[in-house]
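Worksheet for the structure shown next.
The values are calculated or read from the model by the stated rules, or taken from the named source; none is laboratory data. These figures come from a predicted structure and were not determined experimentally. Cβ sites come from the backbone with ideal geometry, for glycine too, and all protein chains shown count toward neighbours.
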Amino acid sequence: CLESSTRYDLKDRATHRTNPAGGVTRYLYDRNDRLRKEISPYGYEPENDDGVGAAYTYDSRGNRIRTTNALGEVVQEFSYNLRNQPVIQKDTFGNRTELSYELDGKIKDVRRSGNHQRTLQQYEYNARGQITGVVDGNQNPISYDVDSWGRITGIGFADGVREGYEYTPAGQVSRTIDGNGNAVQYRYNSLGKVSERIDQLGDTETFRYDEEGNLSRHIDRDGRQLQRACNVFGQPVYEKASDAEGKHTNISTWHYDSLGRVTRAVCDGKSYEYIYDAHGNLKEKRSNGKRLVSYTHDMAGQITEIRDPAGVSTRYEYDILGRRSRIFNDDGLEVRYGYDALNRISRIHYGNGVETAYTYDGDGNIRTLETRAGENVLLSFAYRYDGNGNRTAKTGMQAGVTLGGVTSEITAGNNALELSYAYDVRGQLLEERRNGASVCYAYDKAGNRIRKTDAQGEIRYLYNAKNQLVEEESPADRKQFSYDRQGGIIEEKNLAGIRLFSYNSRHQQTGVETETGNVQENRYDAEGLRFELLENGRRTSFVYHNGELLQEEGREEQGTSYHLGAGMEAFRRGQELSYYHRDEQLSTTFITGGHGDVQNSYQYDAFGMSLGTTEKLNNRIRYTGQQYDDVTGQYYLRARYYNPVAGRFMQEDVYQGDGLNLYAYCGNNPVVYDDPSGYERKACPPQGKISESVDGSGSNTTATERRNSPGVVEGNGRNTSKMMYGTDKNAGVIPKEIADKLREKQYNNFDEFRNDFWKAVAETDYANEFLINGDPKNYYRMKNGGAPLVVSNQAINGSFTYQLHHIIPINQGGSVYSVDNLVVVTPRYHAEILIPEVHGYNGFKQFFR
C-alpha cells in the first residue's frame with residue numbers, strides 16, 4: 001500500500017500518522033492545542049500508545065522556547081522580543097545566535113556568542129526594504145545595485161570587483177557581465193523561454209520547445225543536437241543525441257509507471273529496470289535481466305540492507321532518533337557511530353579496532369579530529385576558522401607509515417604538520433603554508449588563477465574571454481590548451497607531446513589520449529554516470545547507489561565491493577576487508593586492514609594534488625572521497641572531470657548557477673568546499689557534520705517527521721509586486737498578500753499546508769507568473785492545490801513541478817510553517833540555494849540570504 005493514513009481526535013488534531021510501511025508517528029498536545037510531544041516510528045510503543053520522542057515547550061504567547069530530543073537532551077532554546085520575533089537561539093552546548101531587527105521587522109544583523117561575541121552578517125536596506133548590502137563575518141562589505149523593480153543590476157565586492165546583470169522589459173536576465181567585463185547574452189522567444197545563449201566570444205547555442213513548453217531540441221555551439229520528447233507530465237521519454245552532421249547518434253529512452261516512477265531507462269546499450277516494493281521504496285535495480293542492486297527498508301522507510309551484484313551485503317541499524325548507528329554484515333564488516341546532541345558524528349569505531357573522534361566549535365566546524373589504531377595515532381589535528389567559516393589553521397600530525405604496519409615510533413620532527421590558510425575578500429584561497437613552506441595564488445577579477453608561486457618558482461596562467469585556460473607557463477614546462485566551442489578542452493600541448501580529449505553529443509568526456517600514448521575511454525548510462533572505463537584496453541565496470549560507487553569489476557582479478565555509511569567506509573576484495581579513514585575534507589588519508597595495519601597512506605595539497613602516496617592496495621577513492629583516474633590524473637566528479645594540477649574544471653558547468661566563472665573549482669576555496677556532482681560546490685563536510693545518510697538525504701528522519709507534524713502558519717511575507725525571479729522564473733519569495741491568507745491557520749502536516757499555499761497563489765494575480773506560454777493548465781493545477789509545472793530546462797531527475805524550500809533547514813531548527821523561512825524554487829535551482837554561504841552569486845541568491 002502506498003497510502004499514508006492519519007487519525008484525528010475530537011478536536012480534529014492529527015494524533016497518529018501511519019506511513020506506507022506501517023510505521024506510526026504519534027502526536028500529543030497541550031491544553032492550548034500546541035504540539036508538546038512527537039514520537040517517531042523508532043520510539044512509538046503501540047501497547048502504550050506512547051513512547052519516547054521529541055518534546056516542545058512554549059511561553060505564554062505560544063512561542064516555542066525549548067526543544068528536547070527523544071534522549072532527553074535539550075537541543076535548542078529560544079527567546080523572543082515583544083513582537084514574537086526570535087532574538088536568541090541557544091544550543092545544547094551553550095552557543096548563542098542572536099538576531100536584531102529593523103523597525104519594519106527585517107533582520108538587521110546576526111551575531112554568535114561563544115568565547116567572544118562576533119557578528120556573522122549585517123544587512124543594509126533601501127527605502128523600499130530591498131537589501132542593498134551585506135557585511136560578512138570578516139567585515140567585508142558586499143553591495144547590491146537594485147533597480148526600481150527590485151532586480152539586482154550589480155554586485156560589488158570589497159576588492160572593487162563588480163558583476164553586472166541586465167534584464168528584458170519582461171524581467172528576464174538578458175545579459176550577465178563577469179568581473180573582467182565579459183558578457184553572456186540571453187534571448188527569449190515570445191513565450192518567455194530562453195531561445196538563444198550567446199557566449200563571450202559570440203558563439204550561440206539554441207533551444208526549442210514543444211507545445212507544452214518542454215525542451216524539444218538543443219543545438220550546442222558546435223552544432224551537436226539533442227532532440228527530446230516528453231510525456232504529459234514533462235518527463236523525458238526519448239532523447240536522441242547526434243553530432244553536427246547528424247551522425248554518431250546515441251538514443252536514450254525512459255519508461256514510467258502510473259505514479260510517475262521510472263521503471264526502465266536505456267542509454268548507450270545499457271538498460272536499467274527499477275522494481276519497487278509495496279510501500280513505494282526501490283527494491284531492485286536490474287540490468288538486462290541481471291540484478292545489480294537490491295534493497296530492504298525498515299518501518300520508517302530507511303534502508304536496512306544494500307546488496308551489490310556480487311551478493312555482498314551492507315546492513316544498517318538506526319538509533320531511536322533515526323540516526324545511523326551501525327553498518328555491518330556477516331563477513332566481518334563493522335562500523336559504529338556515536339553522535340552529539342546536534343546529530344553530528346562524534347565517534348566512529350571500526351571493526352579492526354581503529355577509532356576516529358571529532359569535536360566541533362560553536363559554528364559547527366570541526367575543532368579537533370583524531371584517528372587511532374590502538375596505541376598508535378594515525379592523525380591528530382586541531383583547526384581554527386575565520387568569521388566566514390574559512391579554515392585558517394590546521395595543526396597536528398599525520399603518521400608516516402611502512403607497508404604492512406604503522407611505524408613503531410612517531411616523532412614530531414618527521415610527522416608534525418602545521419598548515420595555515422589565507423583568503424581574499426571573496427573567499428578565494430591566497431596562500432597555503434605547510435610547515436613554513438608557502439604556496440601562493442593570485443586571481444583575476446573573474447576568479448581565474450593567474451599565478452601560483454612556490455619553492456619551485458612561479459607558474460603563470462593566461463585565459464580567453466570565456467575564462468578558459470589557454471596557456472600555462474612554468475620554469476619546467478609550457479602548456480597550451482584548445483577547446484571546442486561548447487567549452488570542453490580538446491587538446492593540451494606540452495613539452496612532452498600532445499594530450500587529446502573527446503566528447504559525445506551530451507558533452508560527456510568519452511576519451512583521453514595522453515602524450516605518452518596511454519588511452520582512457522569512458523561510457524555513460526541513462527543516469528548520467530560512468531558505468532564503464534577502459535584504460536589502455538583494460539575494462540572496468542561500475543555499479544552505483546545514488547551516485548556513490550558501490551561495486552567495480554575488471555581492474556582487479558577479483559571485484560571490489562564498497563560499503564557506504566557516513567561516506568565510503570570500507571571495501572572488500574576477495575576475502576580481504578579494508579577500511580577507509582578520512583580527514584576533515586573527507587579525503588582518504590589511510591586505508592587499514594583487518595587488524596588495523598596501515599595498507600595505504602595519502603597526503604594532498606588544498607586543491608588535491610598528491611603530496612605523498614604509499615600504496616599496497618590499488619585504490620581510486622582519494623581526494624574528497626572521489627574517484628581518481630591514474631591514466632589521466634583527473635578526478636571523475638560525475639558531470640565533469642577535475643584537474644587538481646590546474647585547480648579547475650576543464651569543461652564548462654552546465655548549471656551556470658554557481659558563479660559566472662564556469663570553470664572555477666569551488667570558487668577557488670577548496671579548503672572548506674567540495675563539488676562531488678560537478679555542478680555546484682557544497683560545504684565539506686555538509687553543514688559541519690561528518691554525516692550523510694546512506695539514502696543521500698542527510699539527517700532526514702528528523703526533517704521528515706517535522707514535515708509530517710502539525711503546526712500553525714506564521715511570518716509576514718515580502719512586500720513585493722513580483723513573486724518569481726530568474727531567467728526561467730526559477731526562484732521566488734512569498735508575498736505578503738499570500739502570507740496574509742495563510743497566517744494563523746493550523747495544518748496537520750506540511751503536505752496539507754502546501755496544497756493550501758498553491759490554492760492561495762491561484763487566488764491572486766501572482767498566479768499569472770506561473771502560466772507557461774499563456775496555457776491555463778498551471779492555474780487549474782494551483783486552484784486544485786497542485787504545484788505548477790516548471791519549464792522543461794528547470795526539471796531534473798524526474799521532478800517537474802515547483803517546490804517549497806526551507807531556507808533554514810528543518811533538521812537544523814528551521815521553522816516548518818513560517819512563510820519567511822520558505823522560498824519557491826524549480827527542481828533544478830533547488831540545489832543552488834542549499835548552501836547560503838556560497839559567494840558565487842548568480843544574480844538571484846540575494847533573495848535567500
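Do we find that residue 285 is surrounded by fewer than 18 Cβ atoms within 10 Å (Cβ to Cβ), farther than 16 Å from residue 565 by Cβ and not aliphatic (A, V, I, L, M) in this structure? Outline the logic, then answer.
Numbers: surrounded by fewer than 18 Cβ atoms within 10 Å (Cβ to Cβ): no; farther than 16 Å from residue 565 by Cβ: yes; not aliphatic (A, V, I, L, M): yes.
So residue 285 does not fit the description; no.
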Tabulated pairs, the stretch 770-786, first in the same structural domain as residue 724 (by TED's automatic domain parsing), second surrounded by 16 or more Cβ atoms within 10 Å (Cβ to Cβ) and of a type in the set (Phe, Trp, Tyr), C-beta under 6 angstrom, 6+ apart or interchain: 778/770; 782/758; 785/758
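Test of understanding: among 446, 437, 455, 382, which residue is at pLDDT 95 or above, on the phi < 0 side of the Ramachandran plot, in contact with a Gly (Cβ under 8 Å, 6 or more places away or on another chain) and surrounded by fewer than 15 Cβ atoms within 10 Å (Cβ to Cβ)? Give the steps one after another, and end with the answer.
Working: 446 fails: surrounded by fewer than 15 Cβ atoms within 10 Å (Cβ to Cβ); 437 fails: in contact with a Gly (Cβ under 8 Å, 6 or more places away or on another chain); 455 fails: in contact with a Gly (Cβ under 8 Å, 6 or more places away or on another chain).
Answer to the selection: 382.
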First in the stretch 447-468 and closer than 22 Å to residue 423 by Cβ, second anywhere and hydroxyl-bearing (Ser, Thr, Tyr) and part of a strand (DSSP E or B), Cβ under 6 Å, 6 or more apart: 448/463; 449/441; 449/443; 449/461; 450/461; 452/441
Members of the stretch 741-754 found to be assigned to a helix (DSSP H, G or I), over 27 Å from residue 192 (Cα atoms) and free of Cβ contacts under 8 Å to residues at least 60 places away in the same chain, listed by number: 741, 751, 752
Elements of type strands (runs of 3 or more DSSP E) contained in the stretch 498-600, each with 3 or more residues being touching a residue at least 60 places away in the same chain (Cβ under 8 Å) and either at negative phi or not aliphatic (A, V, I, L, M) (or both): 519-524, 530-535, 548-553, 560-565, 567-573, 576-582, 588-592
Filter pass, residue 22 being surrounded by fewer than 17 Cβ atoms within 10 Å (Cβ to Cβ) and of a type in the set (Gly, Ala, Ser): yes
Leading residue by the ranking (nearest to residue 192 (Cα to Cα)) among those in the stretch 211-264 that are of a type in the set (Gly, Ala, Ser) and crowded, with 18+ Cβ neighbours inside 10 Å: 213
Residue in the stretch 555-578 that is modelled with pLDDT of 95 or more, within 14 Å of residue 626 (Cα to Cα), in the same structural domain as residue 391 (by TED's automatic domain parsing) and among the acidic types (Asp, Glu) present: yes
All positions within the stretch 613-645 that are surrounded by fewer than 19 Cβ atoms within 10 Å (Cβ to Cβ) and hydrophobic (A, V, I, L, M, F, W, C): 617, 631, 645
Enumeration of residues in the stretch 464-505 that are closer than 25 Å to residue 219 by Cβ and either among the polar types (S, T, N, Q) or modelled with pLDDT under 95 (or both): 464, 467, 468, 482, 486, 502, 504, 505
Unmet criterion (only one of (1) at pLDDT 95 or above; (2) under 20 Å from residue 21 (Cβ atoms)) for residue 292: (2)
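For the structure I just gave you, tell me whether residue 603 is assigned by TED's automatic domain parsing to the domain that holds residue 532, over 30 Å from residue 423 (Cα atoms) and outside any loop (DSSP other than H, G, I, E, B). Working first, answer last.
Numbers: assigned by TED's automatic domain parsing to the domain that holds residue 532: yes; over 30 Å from residue 423 (Cα atoms): no; outside any loop (DSSP other than H, G, I, E, B): yes.
Against the criterion (assigned by TED's automatic domain parsing to the domain that holds residue 532, over 30 Å from residue 423 (Cα atoms) and outside any loop (DSSP other than H, G, I, E, B)), residue 603 does not qualify.
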Of all residues making up the stretch 808-822, the number that are assigned to a helix (DSSP H, G or I) and modelled with pLDDT of 75 or more: 3
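Select the strands (runs of 3 or more DSSP E) contained entirely in the stretch 112-219, then report the ones holding at least 2 residues which are under 18 Å from residue 794 (Cα atoms) and touching a strand residue (DSSP E or B) at 6+ places or on another chain (Cβ under 8 Å).
Values: elements: 117-125, 131-135, 141-146, 152-156, 162-167, 173-177, 183-188, 194-198, 204-209, 215-219.
Fully inside the stretch 112-219 and qualifying: 173-177, 183-188, 194-198, 204-209, 215-219.
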Only one of 91, 104, 109 that is of a type in the set (D, E, K, R) and in contact (Cβ under 8 Å) with a residue 40 or more places away in the chain: 91
Counted residues, the stretch 109-167 - those being basic (Lys, Arg), over 30 Å from residue 187 (Cβ atoms) and modelled with pLDDT of 95 or more: 0
In the stretch 527-554, residue nearest to residue 236 (Cα to Cα) [restricted to those that are surrounded by fewer than 18 Cβ atoms within 10 Å (Cβ to Cβ) and of a type in the set (Lys, Arg)]: 539
Qualifying residue in the stretch 660-667 (condition: surrounded by fewer than 24 Cβ atoms within 10 Å (Cβ to Cβ) and closer than 23 Å to residue 392 by Cβ): yes
Where residue 601 falls short, out of the listed (1) closer than 21 Å to residue 368 by Cα; (2) in contact with a Pro (Cβ under 8 Å, 6 or more places away or on another chain): (2)
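I'd like to check which strands (runs of 3 or more DSSP E) are fully inside the stretch 287-381 and have at least 3 residues that are under 30 Å from residue 117 (Cα atoms) and in contact (Cβ under 8 Å) with a residue 12 or more places away in the chain. Explain how you work it out, then say what you get.
On the way: elements: 290-297, 303-307, 313-318, 324-328, 334-339, 345-350, 354-360, 366-373.
Because the criterion is at least 3 residues that are under 30 Å from residue 117 (Cα atoms) and in contact (Cβ under 8 Å) with a residue 12 or more places away in the chain, the strands (runs of 3 or more DSSP E) in the stretch 287-381 that meet it are 354-360, 366-373.
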Evaluation of residue 79 against (1) within 23 Å of residue 751 (Cα to Cα); (2) in a strand (DSSP E or B) (one fails), failing number: (1)
From the options 66, 31, residue that is surrounded by fewer than 19 Cβ atoms within 10 Å (Cβ to Cβ) and assigned to a strand (DSSP E or B): 66
Extreme residue, modelled with the lowest pLDDT, among residues of the stretch 261-286 that are more than 28 Å from residue 504 (Cβ to Cβ) and assigned to a strand (DSSP E or B): 276
Evaluation of residue 130 against (1) surrounded by 18 or more Cβ atoms within 10 Å (Cβ to Cβ); (2) closer than 28 Å to residue 344 by Cβ (one fails), failing number: (2)
Condition met for residue 44 (more than 30 Å from the chain's Cα centre (by Cα), buried (at least 18 other Cβ atoms within 10 Å of the Cβ) and not hydrophobic (A, V, I, L, M, F, W, C)): yes
Selection status of residue 779, modelled with pLDDT of 80 or more, over 16 Å from residue 720 (Cα atoms) and buried (at least 16 other Cβ atoms within 10 Å of the Cβ): yes
Where residue 567 falls short, out of the listed (1) surrounded by 22 or more Cβ atoms within 10 Å (Cβ to Cβ); (2) in contact with a helix residue (DSSP H, G or I) (Cβ under 6 Å, 6 or more places away or on another chain): (1)
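What number of residues within the stretch 396-418 are farther than 16 Å from residue 589 by Cα and either of a type in the set (D, E, K, R) or modelled with pLDDT of 90 or more (or both)?
So the first thing to find is which residues in the stretch 396-418 are farther than 16 Å from residue 589 by Cα, and the list is 408-414, 418.
With either of a type in the set (D, E, K, R) or modelled with pLDDT of 90 or more (or both) added as a condition, the list becomes 409, 418.
Within the stretch 396-418, residues that are farther than 16 Å from residue 589 by Cα and either of a type in the set (D, E, K, R) or modelled with pLDDT of 90 or more (or both) number 2.
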